[in-house]
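Step one of this worksheet: look at the structure below.
Here, each number is a calculation from the coordinates, and none is a lab measurement. Keep in mind the model is a prediction, meaning the values are calculated, not measured. Backbone-built Cβ (ideal geometry, glycine too); neighbour counts: all protein chains shown.
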Amino acid sequence: MIKIEHLKKEYSNVTPLKDISTEIHDGDVICVIGPSGTGKSTLLRCINQLEKPTSGKIWVDGVEITDPGCDINKVRLKMGMVFQHFNLFGHKTVIENIMMAPMDLLGKPKQEAYDTGMRLLRTVGLAEKAMNYPDELSGGQKQRIAIARTLAMDPEVILLDEPTSALDPTMVGEVQAVIRELAKTGKTMMTVTHEMNFARAISNRVFYMDEGVIYEEGTPEQIFDHPQREKTRRFVNRLKVLELTIESRDYDFLGMAGEIAQYCNKSQITPVLTNRIQLAFEESVSRLLVPSLKDPRIQAVVEYSEEAESAVWTIRYGGPRFDALKSADDLALSVLKGTTEEMAYSWTENDELQNQLVVKIRNA
Ligand SMILES: Nc1ncnc2c1ncn2[C@@H]1O[C@H](COP(=O)(O)OP(=O)(O)OP(=O)(O)O)[C@@H](O)[C@H]1O
Ligand SMILES: [Mg+2]
């Protein structure tokens, strides 16, 4: 129902959309993900003509809306847009907010607009708020009203630009639930979101945007579980993981140091944090564990979260119960302590590697 061909949008100093081509089919529920500034909002705004594309063509139901002769107001009626900020009219009640556009733009009789409005309020769980003013509602409730208002126009496609990102975390769930229900009704939808689990739950197609194009597209399983391209993989797996296994006293510690350095470098971890990640490994594994264990079997995993800029080593090792943090090597322990924010030892009875040391690296 929407076809986009070689869409380009350039501003004076940046070109967020270089070359976008895709087709959106009836009933598609598309989630658009990607780093900030990659043109996700711009794409939505070009589709409903809030922005004029620099070049390229867009068709909606066979009508070329990028044609200068096209009556864009007519086309806009087919598209509903839900923004981060809901823009309800403060001086009108909830039900009036919902009735307004159908009466003014579609010429619906008042009673019909009211009946539809009340039905939609019930579907978003807010019928009892019909006579309230927007200021009397929470953010999550306002956004649900904004969605009902969009639905009142019975658009063929709904474009949602980060509909939950301005909300208090406690209200994200109720709005997502409304959108999830909407997705089930077969409504064609395109949603920009940073919430990966939500995207996975509602969509049949995911667009990962980067470098001015739809860099990778696929089903949620393809994009989140089996991304094909490096940037997609980096983006969806927010954690960077390195796993090292030691099976003898004569392990290649220099090789491992190299692996860690390479991993830190690839993950764009700061030099300070890199140094601490390396030190923490050396002190705990090389100084505390390997000399003390009779038959070293160690699995060391470091996880780095780009978002939190934090790194954690989880070191599991076999043999009898041995709390490395109670080791007699005071020097190693104090160096280790200097690199960390938190350290914890635990023992799990029925694991093969029953000892576990968790070392959270300090990053300040
Ligand atoms: N009206 C404008 N004038 C100039 N530059 C703009 C304008 N609107 C957007 N841009 C720029 O275009 C780029 C893409 O912006 P856009 O808002 O589409 O990104 P986004 O992917 O939605 O990012 P975010 O995830 O942060 O919302 C950005 O570099 C932005 O600064
Ligand atoms: Mg945006």
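If you scale each eigenvalue of the Cα gyration tensor by 5 and take the root, what three semi-axes come out for segment 313-364, rounded to whole angstrom and sorted largest first? Walk me through the numbers on the way to the answer.
On the way: eigenvalues 92, 36, 9 Å².
Equivalent-ellipsoid dimensions as semi-axes: 21, 13, 7 Å.
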For a quick check: sort Lys337, Lys240, Lys142 by the number of other beta carbons within 10 angstrom, fewest at the front. Lys337, Lys240, Lys142
Non-local amide H neighbours of Ile158 (under 5 Å, H modeled in plane, Pro and chain starts lacking H): which ones? Gly80, Thr188, Met189, Met190
In nanometres, the difference between 0.36 nm per residue of separation and the alpha-carbon distance of Glu211 and Glu309 is 32.9 nm
Quickly work out the Met1-to-Glu349 label distance, labels modelled 7 Å from Cα along the C-beta direction, and quote it in nm with one decimal. 5.8
Multiplying the sequence separation of Glu156 and Arg321 by 0.36 nm and subtracting their Cα-Cα distance, what value in nm do you get? 53.1 nm
How large are Rg and Dmax for segment 1-150 when only the alpha carbon atoms are used, in Å? 17.6, 50
Report the label-to-label distance for Asp225 and Val241 in nanometres (one decimal), using points 7 Å from each Cα along the Cα→Cβ vector. 1.5
How many angstrom lie between the Cα centre of segment 284-313 and the Cα centre of segment 97-162? 54
Report the label-to-label distance for Asp250 and Asn204 in nanometres (one decimal), using points 7 Å from each Cα along the Cα→Cβ vector. 6.0
Under 24 Å between C-alpha atoms is the cut-off here; go through segment 239-361 and count lysine pairs that meet it, provided they're at least eight residues apart or on different chains. 8
Say R0 is 41 Å: what FRET efficiency, to the nearest 0.05, do Cys70 and Asn13 get from their beta-carbon distance? 0.90
Suppose we look only past 39 Å in the calculated P(r) of the chain. What percent of the Cα-Cα pairs does that tail hold? 37
Two-site FRET efficiency, Asp104 against Glu23, from Cβ-Cβ distance with R₀ of 30 Å, rounded to 0.05: 0.40
Within a 10 angstrom radius of the beta carbon, how do Met81, Met118 rank from fewest other beta carbons to most? Met118, Met81
From zero up to wherever the largest Cα-Cα distance of segment 247-292 sits, split into 10 Å bins and tell me the percent of pairs in each. 27, 51, 20, 2
Any chance you could give the angle, 0 to 90 degrees and rounded to 10, that helix 253-266 forms with the longest Cα principal axis of the chain? 20
For segment 239-361: span of alpha carbons on each principal axis (Å, largest first): 37, 29, 26
Would you list the P(r) distribution for segment 158-222, with all Cα-Cα distances sorted into 5 Å bins from 0 and each bin expressed as a whole %? 4, 15, 29, 26, 16, 9, 2
Using just the helices of the chain, give the 222 nm mean residue ellipticity in deg cm²/dmol: DSSP H runs with n ≥ 4 each add -39,500 (n - 2.57), and the total is spread over all residues, rounded to 500. -10000 deg cm²/dmol
Expressed as a whole number of Å, what is the distance separating the alpha-carbon centroids of segment 26-42 and segment 172-214? 9
Helix 139-152 sits off the longest principal axis of the Cα atoms of the chain, rounded to the nearest 10 on a 0 to 90 degree scale, by 40
Table column - 3J(HN,Hα) (Hz), segment 86-91, Karplus curve with 6.51, -1.76, 1.60, x for Gly and Pro: 7, 6, 7, 7, x, 8
Pairing the Cα long axis of helix 94-106 with the longest principal axis of the chain, what angle in degrees results, from 0 to 90 and rounded to the nearest 10? 50
In what order do Leu160, Leu289 fall by count of nearby beta-carbon atoms within 10 Å, going from fewest to most? Leu289, Leu160
